[in-house]
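Structure first, commentary second.
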């Protein structure tokens, strides 16, 4: 591999790490840490492996069939099931996009002191301009690299001196303490949902087509999915660890987007606070664009429209209109004043309900010789794929009842 | 299929939230509800104290302190208002009275936290820690 290729892979991995965390991860990981300490770290591992398994499949399908997953969903599953998948994914995308935009506005408020309601339209306008002006790879890079400021949480996790023995113990599933079993299960579902959000695989798949991946990029796909998401998972661990160390002993239940930043502030003062806020700003900003584009990709691919960020906006006018409409709808949701953190909790739980509709077609297509030729799933990919699909079905059934019974994890 | 259930569930939850948010009339709080409220207030007090201690140590920015403490204050204030109009279930009147008083103190402290001078921060942090200590 040439130096240029190594650099390209490294840059891709860095942007994947920085782009891994979104508002759902921020909310659920800190709340889980503040409620159950380190006891739910093992769930993050399961979630990260799940997103690696299915993203690798999506990337492979895109590289071999030269078509993104949603393009094939309608063809493979038919109009009815395809439409159900589209509706479910769009509802979740819109809720998530709205929550991320609210998160951007809150971060801007914490940095500037300007009123939240003034910052919402500014946030939407800024994100829309960035989406319009920046080429696809630059959107990934700008938001991914600046999202790396979140690494301050990883360093804070070390600086706050957790009991590493207990941290290690948290990677082993077992009995729990600190809350009821139902609340524990609610967080298991939420953490898995936050790690395996549907928009991530749709965006990854469409991004692979945008980047012009072919069979030569199959190894790049494996490396990016495995290392990028794997290392991104460390940010989730860090958020849970800092919350466990600082919030759990004091009985702090993180209900605000600024609360996780207190951990970096406590560890490193103003520099830590600013790094945390900038990291959160770009992580949720990048996720807002990803959810918005994911919605536009899905719609365009389902209806067979011309699509892609590489196309001139006028050439792919319906695709362009689709992402502009999604931004506008998300703006209308946020401007109502509904709490973005609450919205995040609902969007993550609803995304769990929609997970089977997202992941089953991927599993089917990745096993279909018509599309994949000799690059269908191997035994290992299928074992993981099927096991994860069973897990996904279980959590999809349990998600809403658990949310209602536990009052959104409040017990 | 799960998809058609989504809007129905979302509407149901939205309806329930609207009802809860409307806050029309006073509610009767059970011991369990009071315990939940106490936990929530403790969390706000502890978070406020943490912010005050960090600010006292020069670790926070003025803007972050002002904006974040306002979020804490608004939540505590909403809680204080609903507690002051709530009725207690039999046997929980004393607890409700205690919580209402603490919620009021907490709201006042959090409101002050946003624009407190450096000299006032240590006292404010102690007050917030005291309130947190009195809550379960």
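Data table
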item: Those residues of the range A:368-411 which are under 25 Å from the mean Cα position of the chain (by Cα) and assigned to a loop (DSSP other than H, G, I, E, B), in sequence order; result: A:377, A:406, A:407, A:408, A:409, A:410
item: Those residues of the range A:167-187 which are surrounded by 24 or more Cβ atoms within 10 Å (Cβ to Cβ) and closer than 16 Å to residue A:239 by Cβ, in sequence order; result: A:170, A:187
item: Leading residue by the ranking (surrounded by the most Cβ atoms within 10 Å (Cβ to Cβ)) among those in the range B:41-53 that are within 11 Å of residue A:253 (Cα to Cα) and facing another protein chain (nearest Cβ under 7 Å); result: B:47
item: Failed criterion for residue A:314 (all others in (1) surrounded by fewer than 23 Cβ atoms within 10 Å (Cβ to Cβ); (2) assigned to a helix (DSSP H, G or I); (3) touching a helix residue (DSSP H, G or I) at 6+ places or on another chain (Cβ under 9 Å) hold); result: (2)
item: Output for the range A:256-279, where each listed residue is surrounded by fewer than 24 Cβ atoms within 10 Å (Cβ to Cβ) and either within 7 Å of another protein chain (Cβ to nearest Cβ) or under 19 Å from the mean Cα position of the chain (by Cα) (or both); result: A:256, A:266, A:269, A:270, A:278
item: Boolean, residue A:200 is buried (at least 23 other Cβ atoms within 10 Å of the Cβ), out of contact with any strand residue (DSSP E or B) (no Cβ under 9 Å at 6 or more places or on another chain) and not in a loop (DSSP other than H, G, I, E, B); result: yes
item: Filter result for residue A:104 (under 17 Å from the mean Cα position of the chain (by Cα), more than 14 Å from chain B (Cβ to nearest Cβ), surrounded by 24 or more Cβ atoms within 10 Å (Cβ to Cβ) and within 21 Å of residue A:261 (Cα to Cα)); result: yes
item: Unmet criterion (only one of (1) at positive phi; (2) within 14 Å of chain B (Cβ to nearest Cβ)) for residue A:161; result: (2)
item: Condition met for residue A:113 (within 14 Å of chain B (Cβ to nearest Cβ) and in contact (Cβ under 8 Å) with a residue 40 or more places away in the chain); result: no
item: Only listed residue being within 13 Å of chain B (Cβ to nearest Cβ) and not in a loop (DSSP other than H, G, I, E, B), chosen from A:123, A:98; result: A:98
item: Of the criteria (1) more than 9 Å from every other protein chain (Cβ to nearest Cβ); (2) over 20 Å from residue B:119 (Cα atoms); (3) assigned to a helix (DSSP H, G or I), which one residue B:69 fails; result: (2)
item: Residue A:407 being facing chain B (nearest Cβ under 10 Å), at pLDDT below 95 and out of contact with any helix residue (DSSP H, G or I) (no Cβ under 7 Å at 6 or more places or on another chain); result: yes
item: Meets criteria (out of contact with any helix residue (DSSP H, G or I) (no Cβ under 8 Å at 6 or more places or on another chain), farther than 30 Å from residue B:131 by Cα and assigned to a helix (DSSP H, G or I)) for residue A:284; result: no
item: Search result, residues across the range A:234-255 that are away from chain B (no Cβ under 11 Å) and buried (at least 22 other Cβ atoms within 10 Å of the Cβ); result: A:235, A:236, A:237, A:238, A:239, A:240, A:241, A:242, A:243, A:244, A:245
item: Test: residue A:337 is crowded, with 16+ Cβ neighbours inside 10 Å and either facing chain B (nearest Cβ under 10 Å) or modelled with pLDDT under 95 (or both); result: no
item: Matching residues, the range B:113-132, being buried (at least 16 other Cβ atoms within 10 Å of the Cβ) and either within 18 Å of residue B:80 (Cα to Cα) or within 13 Å of chain A (Cβ to nearest Cβ) (or both); result: B:113, B:114, B:125, B:127, B:128, B:129, B:131, B:132
item: In the range A:39-54, the residues that are touching a helix residue (DSSP H, G or I) at 6+ places or on another chain (Cβ under 6 Å) and part of a loop (DSSP other than H, G, I, E, B); result: A:40
item: Lone unmet requirement of (1) within 14 Å of chain A (Cβ to nearest Cβ); (2) at pLDDT 90 or above for residue B:82; result: (1)
item: Among residues of the range A:357-395, those that are crowded, with 21+ Cβ neighbours inside 10 Å and within 14 Å of chain B (Cβ to nearest Cβ), counted; result: 6
item: Qualifying residues in the range B:55-64 (those that are surrounded by 22 or more Cβ atoms within 10 Å (Cβ to Cβ) and in a helix (DSSP H, G or I)) - the one farthest from the other protein chains (Cβ to nearest Cβ); result: B:55
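The values are calculated or read from the model by the stated rules, or taken from the named source; none is laboratory data. The structure displayed is predicted, hence computed values, not measured ones. As a convention, Cβ positions derive from the backbone with ideal geometry for all residues, glycine included, and neighbour counts pool all protein chains shown.
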